[in-house]
Amino acid sequence: MRYQISGKQIDIGAALQTHVQTELGEVVGKYAQRPTDANVVFSRSAHEYVCETTVHLSTGLTAQAKAHATEIYAAFEGCCDKMETQLRRYKRRLKDHHKDRSEPVELFGASSYILASDESETADEPESLQPMIVAEMETTIPSLSVGEAVMQMELAGAPVLVFRNENKDGLNVVYRREDGNIGWIDP
C-alpha cells in the first residue's frame, strides 16, 4: 500500500510517519485484502490537532475518517479507530462485492462546477438568470450496483453520490434523507 502522509503548516516527523504506516497498515490489512493507497493529512485547528485519513480500496471504494484531539498521536488514534469501525462494519459487504466483481470499478469522466451563492449578489435584480460559475473541475463517476453505491456513500460520509448503474447503464443518485433513510433516484 502506498502512503502519503503530510501536514498542513505543521512538520510531520519520521517517528509519526512510521507509526501511521504501521498502525494504519494493520487496521486496513485486517479488514480489506488489497488496499491501494492511503492519504493521511495532519493539520491544526485552534488548540487541537486534526487527522484526516482517506483509504482507497482495490474494489473501487473509498473509506474516510476524521478525528480531533489535543495531541497529534491521539488525533491519529481516534481517526484510526473510526476507520477500523467503518471497515469492520462493512467487511462482509466488501468481501461479497469483491467476490462478485471480477474487474475493478469502471470510472467515467465528468465536469463538476461550483456556482456562486445568491448571498454574494446585491439586493437588486440580477442581470441574468444564469448562475455565475466560480470553479470548474474534473471528477469521476463510478459504475456501481445500488448496494455498492450506498456503501460507498456511507464509507465516504457523503450526503449524496452520483453513480452509473451497472445493471441499467443510466445515471442514478443515492442520498441520505432527513429522516435518516437512504433515497435512490433512478430516472
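Starting from the Kirkwood radius over alpha-carbon pairs of segment 137-187, derive D by Stokes-Einstein at 37 °C in a medium of 0.692 mPa s and give it in µm² s⁻¹.
Details: Rh = 11.1 Å.
Estimated diffusion coefficient is 297 µm²/s.
Report relative contact order for segment 2-98 in percent, whole number only (criteria: Cα-Cα under 8 Å, sequence separation at least 6). If you can, show how the numbers build up before the last one.
Working: 153 pairs, mean separation 24.1, N = 97.
Relative contact order of segment 2-98: 25 percent.
What nm distance separates the two modelled labels at R177 and T70, each placed 7 Å from Cα along Cα→Cβ?
4.3
Calculate how large, on average over all directions, the projected area of the Cα convex hull of the chain is; give the answer in nm² to one decimal.
Values: hull surface 57.1 nm².
Directional mean of the projected Cα hull area for the chain stands at 14.3 nm².
For the chain, modelled as a Gaussian network with Cα springs under 10 Å, which listed residue fluctuates most, L115, L155, L16?
L115
Under 27 Å between C-alpha atoms is the cut-off here; go through the chain and count lysine pairs that meet it, provided they're at least eight residues apart or on different chains.
Summing the qualifying lysine pairs gives 17.
Averaging sequence separations of C-alpha pairs under 8 Å and six or more residues apart, then dividing by the length of the chain, give the relative contact order as a whole percent.
Details: 296 pairs, mean separation 25.7, N = 187.
Here the relative contact order equals 14 percent.
Rounded to the nearest 500, what is the chain's calculated 222 nm mean residue ellipticity when only DSSP H runs of at least 4 contribute -39500 (n - 2.57) each, over all residues? Before the final figure, lay out each step's value.
On the way: 4 runs with 57 residues, N = 187.
After summing the helix terms and dividing by residue count, I get -10000 deg cm²/dmol.
Taking only Cα atoms and a 10 Å spring cutoff, compute GNM fluctuations for the chain and point out the largest among K66, K168, K82.
K168
Fewest to most neighbouring Cβ within 10 Å: what's the order for V146, V40, V27?
Going from sparsest to densest Cβ surroundings: V146, V27, V40.
Take the alpha carbon atoms of segment 1-75, find their radius of gyration, then divide it by 2.2 N^0.38 Å using N residues; give the quotient.
Working: Rg = 12.4 Å, N = 75, 2.2 N^0.38 = 11.3 Å.
This ratio for segment 1-75 stands at 1.09.
If you take the charge dipole of segment 105-185 about its Cα centre, with +1 on Lys and Arg Cβ and -1 on Asp and Glu Cβ, which of A158, G147, F108 is farthest toward its positive end?
The one lying farthest along the dipole's positive direction is G147.
Sorting M83, M151, M1 on the 10 Å Cβ count, fewest up front, what's the list?
Working: M83 25, M151 22, M1 16.
Least to most surrounded, the residues fall as M1, M151, M83.
The numbers here are math on the coordinates, done by the rules we state, and not lab data. Because the structure is a prediction, the values reported are computed rather than measured. Cβ sites come from the backbone with ideal geometry, for glycine too, and all protein chains shown count toward neighbours.
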